[in-house]
């Protein structure tokens, strides 16, 4: 009777039972690893390591005595995103090159387009009494590695009133996430009066997702 229940065991220990437990443990570990891999893959598109979209936020403020006045003028943001670019766009619209992305605020609202093409009106921006701001995804600009830009104001015939004294200070390195800076312009030199005098530009680049 004793030998019947001990069948398959060696002299010293319960070896077959030990092997069974070791195999079971290995099998359970494999199942756990598979579950972790599956759940990890399911989370991947939501920020587990995939490409995240970047949002560029720009706020332009007028001088102390200025107010947004789209009856008598326009407000522009212009971007040079060419990979070989070394300089920001000019403060004079007649010197802009075709293909520059730009945003315009006039008495119809905000529009976005490429210089030389139709500008499409959109809800890309917001304006208050003394400022305007825009939010734009970098994929709308072609996901450039670097962005050279300028901010300017004009009359209704696109004659320049004011632009940034040193637009190179506005340059954005798109490889940096959670980036922000403020560029001041203290000169008060707008030819169109205080309503078109740019005093400060705030820039932020943040990741979404």
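The values are calculated or read from the model by the stated rules, or taken from the named source; none is laboratory data. Owing to the predicted nature of the structure, the values given are computational and were not obtained by experimental measurement. Cβ: placed from backbone, ideal geometry, glycine included. Neighbour counts: every protein chain shown.
A few points about this structure:
- Residue check, residue 203 surrounded by 13 or more Cβ atoms within 10 Å (Cβ to Cβ) and in a strand (DSSP E or B): yes
- Residues within the stretch 176-192 that are part of a loop (DSSP other than H, G, I, E, B) and in contact with a strand residue (DSSP E or B) (Cβ under 8 Å, 6 or more places away or on another chain), tallied: 10
- Count of the stretch 144-164 residues which are outside any strand (DSSP E or B) and either closer than 20 Å to residue 184 by Cβ or touching a residue at least 60 places away in the same chain (Cβ under 8 Å) (or both): 5
- Residue match in the stretch 143-155 (condition: closer than 12 Å to residue 57 by Cβ and at pLDDT 95 or above): no
- Verdict on residue 131 being surrounded by 15 or more Cβ atoms within 10 Å (Cβ to Cβ) and touching a helix residue (DSSP H, G or I) at 6+ places or on another chain (Cβ under 6 Å): no
Table: residues versus (1) assigned by TED's automatic domain parsing to the domain that holds residue 61; (2) assigned to a loop (DSSP other than H, G, I, E, B); (3) surrounded by 14 or more Cβ atoms within 10 Å (Cβ to Cβ).
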residue	(1), (2), (3)
85	yes, yes, yes
97	yes, yes, no
104	yes, no, yes
110	yes, no, yes
113	yes, no, yes
